[in-house]
Amino acid sequence: MEAWSSLLNGFAAALTPYNLLFALIGSIAGTLVGVLPGLGPTAAIAMLLPLASHLDPAPAIIMMAAIYYGAMYGGSTTSILVNIPGEASSVPTAMEGYQLNLQGRGGPALGISALASFAAGTMGVVGLTFFAPVLSRTALAFGPPEYFALTFLGLSLVVSLSGRDLGKGLLSALLGLLTAAIGLDPLTGVARLTFGSMELMAGIDFVPIIMGLFAISEILTNAEKETKCILEAKRIEWLPTWQDIKDTWAATTRSGVIGFLAGLIPGCSPAVTSFMVYDLEKRFSKHPERFGKGAMDAVAAVEGSNNATASGGFVPLFAFGIPSGPALAVLLGGFLMYGLQPGPRLMQEQPALLWTIIASMYIGNVMLLVLNLPLVGLWARMALIPFPILGPMIAVFTLIGAYSLRHSFFDLWISLIFGVVGYLMRKFDFPVAPMVLATVLAKLMETSFMQSLVLSKGSPLIFFTRPISIAFIVLTAVSVVSGTLLRRKARAQQVELEESDS
Amino acid sequence: MRRSNRWYHIVLIVSVALALGLGGPCMAQDKPYPTKSITYLVTFDPGGQSDREARRQQPLLEKSLGQKVIVDYKVGGGGALGWSELVRSQPDGYLMAGINIPHIILQPLQQQTGYTTEQIVPVAIFQRTPLALAVLKTAPYKDIKEFLAAAKDKPADISIGGSGTFSGHHVATLRLQKLAGTKFNYVPFTGAAPQITAFLGGHVNAVFGNSDDLVKHADSIRVLAVADDQRFFGFPDTPTFKESGVDMVESIDRGIGLPPKTPDAIVKKLEAAFLQIAKDPGIQEQMKKEGFVPLALGHQESKAHIEKMTAVYKDIVKDIKK
């Protein structure tokens, strides 16, 4: 009950016109940042830090937080419309949403992702409001062996993401792991696969890779086919129907819970969560055959989970001052600029400030929904642009996005090279998703594996003697076995279909 | 032939134009440095200690230099990417970079990094974060003596978490091992945030942490000893290593550096600007509150400090590489 009265006080403070204004500015900036590929919330919050220092702590942090969760709304836009996932967490959205767009259902996909973002994001804030004290210790329960087991479970998704040929999927994942190994060893700092190049020493960022694999290769494929217009359907829908909402609410709810719980674990990036909920929905779905060809419930689940993870990330931040990703690290920097150190002491000394921020997150989510929904129909019309004009536009936006990330020309080359790699992979029917997943997981997987073995002095038993770790390993085994069985079943059905066809 | 001739002319014209263009600023030399905006390169992620310090200095530098100061980032390779860009830049005073010691000493000692320690011209060092050894409040060791006794009892049994290999934390652990005559199990992490998280969760027995990171978690940890000459104001009851009979001083120092061959006048001008900020009592108070020890070393002192530490680390690295 204490939470209720604190929350009400928080609302009273957050609803002052001044604080509302900054929540709105943050929401608009967040939406913009989310829509533009490459430019992420981390850079946006960092750019606004000096500006924020002229404000009081409450409006400044309200604004920066709104940029952070607001960016999660916009992330789906370019994925669905033009197959540019601006960050790794939108990759499954691009896989399904872009197919929907080709079928003339880009509008509904955008609408559903805004609604799912709102619903799951708000669920995450509810979790933050009422369960933070109980769940905050989750962050501390994860040591190196637990992280390794978690990434191990993540990598097992390769089985279900592999498409028709498991061998090709595994090769694709291997290529991803190899790419991620380029640069300095994250623990020892030794240069690997850099061939003396300073640029390679900094490692290859996965955003240019993803943009190349998806957007650039999409352009190349369409150029080859001499596509006139990306729309394949005659009939176009602009907005989601009640049926769409009915079909996706269960997926949204599940992803909200999972996303929030994953947000409690610092270091578990939203990309891992979005692949996990994608896989889970494929198993829960009544029509798993639609996955890969445009599944609306997948879009809802993935976009919802991003937002819930964003809200969940505030739990370890407020409880211990632990940032769960680069964007929250910058936000933490914002707190520190005011001499505020998030942690147990801040909870006691300045509860009013924290509750104001939490209350503002409810308000911010409503603002974001209102901002995003009217834009849906407008965005969806992009699909009508003839491809000879749209294609070059996509290329320009992709390259600007790849460049803006680290201001490096090298990253432009990376996305072009991976554009060709992606084109070849499509041509020879290699699935791209396992490669992306492996690239995202590689660093955490490697470091946690090494750290665990240092802790255990070389004994792999450490992974099997700790409860959370063993639980994940059992889940991995279940996931691999059931995934393989599902593949068999799907293949048998397909054979049957082909036979009955003839 | 004719075609290539024409190209030759074009190249000639362009290069003459370029030469004139570059010559331009030289002719306008009567205006004193700086005549345009200065880039302040941060080699670590935004929001980190180096970035926050740059942000704190930015408006004050703009005031005293009379030009815009733009904070820019070149992140990667533990700072190496930014520093190798620094030493390749024009020595005209319009690009300066935050420098960290021991990073700029240890990285080139480990492998080819695209820069050498000597290439960087230090302007000033303005901040120190002493390293300290800490355990959780729930740990059985009440002080450094008990801790070292336990370590000697069971060598290599106690794990110490730190950030990175060939880093200040790693070197501190190795020095403590040597001086105390025992072994620890050093566990590297990819940064301060994962290191402290694992420590608070009890996944490592102890950490070598930066003073500012430890101050944040003062409620749940016990700091056993500080690796500085004097006691650290944040933990006044904690002895130094020296007091405890372990002659070890280990810290991370932050400053600012310029490309090699930067003219003295420019170094002097920037040195004055940075020292003015570093000596400001208000700024020093802010730094202390955040767990940093304010410093104000000028160009010569910084250079001497870096040379001294280079000699110390060369010996230690010889031991690691053995």
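Annotations for the structure displayed:
- Only residues that are touching a Pro at 6+ places or on another chain (Cβ under 7 Å) and within 11 Å of chain A (Cβ to nearest Cβ) were counted across region B:182-197, and they come to 3.
- If you go through region A:386-398 and pick out every residue that is within 14 Å of A:ILE230 (Cβ to Cβ) and surrounded by fewer than 16 Cβ atoms within 10 Å (Cβ to Cβ), you end up with 5.
- Residue under evaluation B:ILE158, criteria (1) at pLDDT 95 or above; (2) closer than 30 Å to B:GLU307 by Cα; (3) within 12 Å of chain A (Cβ to nearest Cβ), criterion not met: (2)
- The conditions of being of a type outside the set (A, V, I, L, M) and surrounded by fewer than 17 Cβ atoms within 10 Å (Cβ to Cβ) are met by A:GLU224.
- Considering region A:155-201, the residues that are of a type in the set (Ser, Thr, Tyr) and out of contact with any helix residue (DSSP H, G or I) (no Cβ under 8 Å at 6 or more places or on another chain) include one that is farthest from A:ASP279 (Cα to Cα), namely A:SER197.
- Candidate set: region A:298-351, residues that are in contact with a Lys or Arg (Cβ under 8 Å, 6 or more places away or on another chain) and away from chain B (no Cβ under 14 Å); chosen: the one surrounded by the most Cβ atoms within 10 Å (Cβ to Cβ): A:ALA301
- Residue within region A:338-348 that is assigned to a helix (DSSP H, G or I) and small (Gly, Ala, Ser) present: no
- Of the residues screened, A:PHE409 is one that is free of Cβ contacts under 8 Å to residues at least 12 places away in the same chain, farther than 30 Å from A:GLU237 by Cβ and either crowded, with 20+ Cβ neighbours inside 10 Å or not aliphatic (A, V, I, L, M) (or both).
- Filtering region A:439-462 to residues that are away from chain B (no Cβ under 12 Å) and either surrounded by 17 or more Cβ atoms within 10 Å (Cβ to Cβ) or part of a helix (DSSP H, G or I) (or both) leaves A:THR439, A:VAL440, A:LEU441, A:ALA442, A:MET445, A:PHE449, A:PRO460, A:LEU461.
- Matching entry among B:LEU179, B:LEU148 (being away from chain A (no Cβ under 14 Å), more than 19 Å from the chain's Cα centre (by Cα), at negative phi and modelled with pLDDT of 95 or more): B:LEU148
- Of the strands (runs of 3 or more DSSP E) entirely within region B:28-131, those holding at least 2 residues that are modelled with pLDDT of 90 or more and away from chain A (no Cβ under 14 Å) occupy B:95-101.
- Matching residues in region A:167-206 - criterion: being within 14 Å of chain B (Cβ to nearest Cβ) and β-branched (Val, Ile, Thr): A:ILE182, A:THR188, A:VAL190, A:THR194, A:ILE204
- Output for region B:145-163, where each listed residue is under 28 Å from B:GLN49 (Cα atoms) and buried (at least 23 other Cβ atoms within 10 Å of the Cβ): B:ILE160, B:GLY161, B:GLY162, B:SER163
- Condition check for A:LEU24: under 28 Å from B:ARG56 (Cα atoms) and at pLDDT 95 or above: yes
The values are calculated or read from the model by the stated rules, or taken from the named source; none is laboratory data. Predicted model only: the values in this text are computed from it and were never measured. Glycine also receives a Cβ, built like all others from the backbone with ideal geometry; neighbour counts cover every protein chain displayed.
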